[in-house]
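Before any comments, here is the structure.
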Amino acid sequence: MEDPLTAIIEIRDVRKRYDEGPPALDGLNLQVRAGEALAVLGPSGSGKSTLLNMIAGLDKPSEGAVTVDGLRVDRLGEAALARYRRERIGMVFQFFNLLDDLTAEDNVLLPAQLAGVPRARARARAAELLDQLGIARHARAFPGRLSGGERQRVAVARALMNRPPLLLADEPTGALDSASAADVRELLVDLNRNGQTILLVTHDTALAASSATRTIELMDGRISRDVQTVTR
Ligand code: ADP
């Protein structure tokens, strides 16, 4: 068993039951080390979103423990959860979830504002991220004027604003044309090479093959395959 000190995600015997149907997660165990890029694959209904929601603190298990970055996420109250989501995780979604009436820069600034970071420091961080992600020239653009790939880059910049130790991505290439999807795959690889831990849920096997260091497959709420693909 891995040293829990090096595990950024530690999921132990997690079950999630709903009133109807079989359990969405059925005794799941998973450890993710800092620095990994883990792709979660599996057919529709296999429990991927449920797993992501547990890690993001959006839902609680019926049984078992979810520890992220040393915090028992399943035991946190409302205020601690809000803080956890603001500071320890960044989330990227299929449809970007950007605010259309804010510029790219203002979208990226939002998490810092919510965390009460002083304006000047937040702006410096946003500028650095926009530059690092190759979208500095779009800082003043509204999302509606950007391509899908550029929007997803803005969303990634926003997710990384508060330097979360864990980046969660839910089908990040699901709404992109193939060129933009390739662009986002490359971006995730770059981030991971620079040390960012990433967990991504996807149906896109090309994304898993190119961007992940490890791939797990879910089936009926359990891990049916766990393959280390790259050592970075
Ligand atoms: P995936 O993301 O792999 O498609 P989900 O995690 O969304 O799978 O769903 C896993 C199982 O849990 C499915 O059988 C689904 O119908 C069930 N499920 C998910 N959310 C709910 C809910 N809110 N109420 C009842 N059943 C649910």
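For segment 1-132, the Cβ-based charge dipole about the Cα centre amounts to some 340 debye (Lys, Arg positive; Asp, Glu negative; other atoms uncharged).
Taking the Cα centre of the chain as origin and assigning +1 to Lys and Arg Cβ atoms and -1 to Asp and Glu Cβ atoms, the resulting dipole is close to 720 debye.
Put in line by how crowded their Cβ is, counting other Cβ atoms within 10 Å and starting with the fewest, Lys60, Lys48 read Lys60, Lys48. With loop membership from DSSP and a limit of 13 other Cβ atoms within 10 Å, the longest segment of the chain without chymotrypsin sites (Phe, Trp or Tyr not before Pro) is 96-232.
Within the chain, the longest segment free of exposed loop sites, counting GluC sites (Glu not before Pro) that fall outside DSSP classes H, G, I, E and B and have at most 10 other Cβ atoms within 10 Å, spans 21-232. Note on Ala82 and Arg119: with the Förster distance fixed at 25 Å, the Cβ-Cβ geometry gives a FRET efficiency of about 0.75. When the square roots of the Cα gyration tensor eigenvalues are ordered a ≥ b ≥ c, the ratio a/c for the chain is 1.5 or more and a/b exceeds b/c, which makes its shape prolate.
FYI, it's all coordinate maths here, none of it is from the lab. Everything numeric here is computed off the predicted structure, so don't read it as measured data. All Cβ positions, even for glycine, are placed from backbone atoms using ideal geometry, and neighbour counts span all protein chains on display.
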